[in-house]
Amino acid sequence: MRGDRTFFKRLRQIQANFKKLSKKDQTQILGVLCVALAIVIVVIAILVNLGLGRNTNRISELPFSGSVNSAADQEYDPNGLGLDPELFKDTILQETEDAGEEYLLDTLFIGDSNTAGIYVCKLLTLQNVIGIPSMGIQSATYTPCVYFYGYSEPVTIPAAVAMLKPRRVIINFGANNADGSVSPEAFVAQYLRLINAIEEAYPYCDIIVQSIPPLGRQRDYPNLTMQTIDGFNVALAEMCREEGYKFLNCSEILKGTNGFIKPEYISADGLHLNADGYAAILEYARTHTHITRDRRPNTSNIPQRRPAPYIPPSSSEEEISSSSSSSSSYEISSSIEISSYVEVSTTPSTLPGEPSSELAPETPSDAVTTGVEDEDGTSSYSNSGSSSSSISG
């Protein structure tokens with residue numbers, strides 16, 4: 001009771017002091033109080049809505065933050081686009097004994113930022129990784145994007161393969177083209193163009209195509225769908241079967257029972273793998289091997305890779321990044337800061353929506369940029385139809 005009397009006494013005192021104020025001051029104080037009350041009401045309403053969303057939306061209970069293409073995800077059938085084991089028995093690499101670290105060191109991994117992460121996470125060196133963040137398959141053949149010590153300019157991926165002389169390459173592109181605007185046929189045509197250019201530049205290595213990693217159930221890239229990823233992977237496996245290449249089906253180890261990637265293998269954005277995801281891919285590659293006779297004429301005079309110079313984004317690029325949800329080039333950032341890895345793609349990674357000859361730049365099919373050291377130690381570059389013979393060593 002004493003506490004109640006004290007409270008009311010103070011309340012009367014405040015009321016008396018308020019009456020002593022001028023009308024103008026009273027009006028200002030009342031205005032501030034009304035604004036504060038309105039803010040409190042809005043905050044409470046937002047919190048209530050968020051709480052209701054968590055109770056009614058099972059997706060929000062998942063351990064990642066981000067948006068979801070809920071319509072596509074709800075319709076997704078993880079068994080809808082599978083790989084027929086009998087049809088692809090000679091194409092999909094089967095489980096083998098662990099070939100160890102030596103197998104990986106004889107392999108060059110080529111791809112986008114989900115390949116760059118292998119280097120970023122320090123699982124392999126640059127000598128074994130060409131990973132170009134934001135690169136789509138249509139830019140992979142002719143874009144100079146790989147740097148070497150002793151060469152002032154970058155070279156293309158096919159030219160880099162000829163310089164690095166790997167025993168085999170494992171190629172993984174597709175995440176930047178999986179927004180549904182590109183047909184599997186157009187995607188595969190671009191993939192085959194890259195493979196043909198690599199074989200022309202360096203015909204001594206085996207070609208392995210890696211499946212595109214599955215997406216997180218919740219992700220920051222709602223326009224990317226598992227339906228498109230699965231469709232691309234089936235098309236890639238079919239291409240490998242028809243052309244005689246091998247297919248490394250990493251989805252077998254990465255996918256959960258719901259068809260999306262297992263949570264322990266994905267970063268918070270739902271697109272880029274984490275260190276455990278990259279380690280799982282390397283272990284899977286070591287235990288699903290493709291080992292043939294070593295056809296390389298020599299493995300000497302291999303130049304050392306170097307990181308590309310860091311290019312800060314311009315204001316226009318930052319604006320593009322801020323609107324990435326409506327763009328087809330999705331790999332702009334990563335929770336493991338793939339963007340700090342300095343391979344740089346300088347050409348657009350968005351394919352046109354309809355398959356046509358316009359999918360690629362008008363570059364001659366036999367043109368592959370190669371780096372050549374002059375006698376004085378400087379570097380010069382040329383476009384040549386016989387790029388493998390123009391690289392010394």
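When the residues of segment 160-185 are filtered to those that are touching a helix residue (DSSP H, G or I) at 6+ places or on another chain (Cβ under 9 Å) and either assigned to a strand (DSSP E or B) or at positive phi (or both), the one that is modelled with the lowest pLDDT is Gly180. Checking each residue of segment 136-159 against the condition of being at pLDDT 95 or above, assigned to a strand (DSSP E or B) and either in contact with an Asp or Glu (Cβ under 6 Å, 6 or more places away or on another chain) or surrounded by 24 or more Cβ atoms within 10 Å (Cβ to Cβ) (or both) gives at least one match. Listed by first and then second residue, the pairs linking a residue in segment 180-192 that is assigned by TED's automatic domain parsing to the domain that holds Thr141 to a residue that is outside any helix (DSSP H, G or I) and charged (D, E, K, R), with Cβ atoms under 8 Å apart and 6 or more places separating them unless they lie on different chains, are Ser183/Glu354; Ala186/Glu354. One residue stands out in segment 193-203 among those that are farther than 16 Å from Ile170 by Cβ and not small (Gly, Ala, Ser): the one that is surrounded by the fewest Cβ atoms within 10 Å (Cβ to Cβ), namely Pro203. Suppose we filter Ile212, Ile195 for residues that are outside any helix (DSSP H, G or I), among the aliphatic types (A, V, I, L, M) and under 21 Å from Asn176 (Cβ atoms); which single one remains? Criteria check complete, one pass: Ile212. Between Thr125, Thr107, the distinction of being buried (at least 24 other Cβ atoms within 10 Å of the Cβ) and under 19 Å from Ile302 (Cα atoms) belongs to Thr107 only. Just checking, does segment 228-243 include any residue being more than 22 Å from Leu87 (Cα to Cα), surrounded by fewer than 19 Cβ atoms within 10 Å (Cβ to Cβ) and not hydroxyl-bearing (Ser, Thr, Tyr)? Within segment 228-243 (the criterion being more than 22 Å from Leu87 (Cα to Cα), surrounded by fewer than 19 Cβ atoms within 10 Å (Cβ to Cβ) and not hydroxyl-bearing (Ser, Thr, Tyr)), the answer is no, since none of the residues qualifies.
Of the residues making up segment 223-251, those that are outside any helix (DSSP H, G or I) and at pLDDT below 95 are Asn223, Leu224, Thr225. Does segment 71-83 contain any residue that is over 25 Å from the mean Cα position of the chain (by Cα), at pLDDT 80 or above and closer than 24 Å to Val209 by Cα? For segment 71-83, residues over 25 Å from the mean Cα position of the chain (by Cα), at pLDDT 80 or above and closer than 24 Å to Val209 by Cα: absent.
The values are calculated or read from the model by the stated rules, or taken from the named source; none is laboratory data. All values derive from a computational prediction rather than experimental measurement. Using ideal geometry, Cβ is built from the backbone for each residue, glycine included, and neighbour counts are taken over all protein chains shown.
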